[in-house]
Amino acid sequence: MSQNLLLQAALAHARHGRAVLPVYWSRDRRCGCGRTECASPGKHPVPALAPRGVKNATTSEVVIRAWWAYAPLANPAIATGEASGVTVLDVDGDRGGFDALDELEHEFGALPSTPRVVTGRGEHVYFQFTSVHVKNTAGKLATGLDVRCCGGYVLGAGAVHPTGRIYAWKHGLGTEPIAFAPPPAWLIGRPANPRQQLSTQARPGGKGYASAALASEERELLGTPVGQRNTRLNLAAFRLARFVATEALASGDVRQSCWTSRLASAFHNVKRRRPFRVA
Ligand SMILES: [Zn+2]
């Protein structure tokens, strides 16, 4: 058996059905790609091995062994979304991700028990991919919270962060792995509770659903305690942006609604630490 722990980590992911790809490593704060000004040190795909990036991710043991024979220092990354059956919430501790997550959990309830990976500066929370694509939106949900789903990737357990820290499953070795839990409703933009249930005529993805979502976001926002509104506003913008992306809600609808202008002024007030007023 190869002693290369990076290869072993990649193979372990593949055995569990997670598609992997080789990304660059980082040593002494320099990216393996050799560019001194690399924008993503130790985190971007090795083009010679994966010319189409995440699209080349695979569970093939033969391909994975060949990749790591060529680039033994490559970090194993996992293609998120349908490719591996996982949707990952990336919590960046450096950018206040844990505080933002606390606020969301305070409002919507604690996250279910599900595997987590301790990263260089935060955590990756793994959820089951439930056939609902969540747009990969860095920082849109809240500052420090990113979602990785179809078309995205995350460094997997066993990868080495530029700081030297090794990405590791939080439940540790020797304990039974727990199954990936379905993502919470707030993450995938579904109604979070019965209060938000939409009319039976509203079809998910359709115009009726989008309009109901706009109204629902407004109600939720008005019912949110002042201290949590900043995160709540980000969440609302994140979910509505997804409707705009699917054209269920014309972006003009969102921009021109008086609610959005109130949203904008609310943001302003929160930033300036003034009392929050929406009337
Ligand atoms: Zn690089």
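The values are calculated or read from the model by the stated rules, or taken from the named source; none is laboratory data. Given the structure is predicted, the values throughout are model-derived calculations rather than measurements. Using ideal geometry, Cβ is built from the backbone for each residue, glycine included, and neighbour counts are taken over all protein chains shown.
Condition check ((1) out of contact with any helix residue (DSSP H, G or I) (no Cβ under 9 Å at 6 or more places or on another chain); (2) of a type outside the set (Val, Ile, Thr)) across all residues:
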residue: Leu11; (1), (2): no, yes
residue: Val20; (1), (2): no, no
residue: Ala39; (1), (2): yes, yes
residue: Arg52; (1), (2): yes, yes
residue: Thr59; (1), (2): no, no
residue: Val62; (1), (2): yes, no
residue: Trp67; (1), (2): no, yes
residue: Ser84; (1), (2): no, yes
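State the number of residues belonging to region 4-31 that are near the ligand (Cβ under 9 Å from one of its atoms) and modelled with pLDDT under 95.
3
In region 13-39, which residues are more than 22 Å from the chain's Cα centre (by Cα) and under 14 Å from Thr58 (Cα atoms)? I'd like the intermediate steps shown before the answer.
Filtering region 13-39 down to residues more than 22 Å from the chain's Cα centre (by Cα) leaves 15, 26-38.
The one that is more than 22 Å from the chain's Cα centre (by Cα) and under 14 Å from Thr58 (Cα atoms): Arg15.
So which pairs qualify, if the first residue must be in region 49-62 and assigned by TED's automatic domain parsing to the domain that holds Arg18, the second must be in a helix (DSSP H, G or I), the Cβ gap must be under 7 Å, and the two must be at least 6 apart or on different chains?
Final answer for the pair search is Leu49/Trp67; Leu49/Tyr70; Ala50/Asn56; Thr58/Ile64; Thr59/Ala14; Glu61/Leu11; Glu61/Ala14.
Being surrounded by fewer than 17 Cβ atoms within 10 Å (Cβ to Cβ) and either at positive phi or among the β-branched types (Val, Ile, Thr) (or both) is the filter here, so list the residues in region 25-57 that pass it.
Residues satisfying the conditions are Asp28, Arg29, Gly34, Thr36.
Restrict the check to region 100-116 and report whether at least one residue is touching a residue at least 12 places away in the same chain (Cβ under 8 Å), under 29 Å from Gln8 (Cα atoms) and polar (S, T, N, Q).
Scanning region 100-116, I find at least one residue that is touching a residue at least 12 places away in the same chain (Cβ under 8 Å), under 29 Å from Gln8 (Cα atoms) and polar (S, T, N, Q), so the answer is yes.
Taking the conditions exactly as written (among the small types (Gly, Ala, Ser) and assigned to a loop (DSSP other than H, G, I, E, B)), does Ala10 satisfy them or not?
Considered against the rule, which asks whether it is among the small types (Gly, Ala, Ser) and assigned to a loop (DSSP other than H, G, I, E, B), Ala10 comes out as no.
Looking at the structure I just gave you, is Gly93 within 16 Å of the ligand (Cβ to nearest atom) and either within 22 Å of the chain's Cα centre (by Cα) or not hydrophobic (A, V, I, L, M, F, W, C) (or both)?
no
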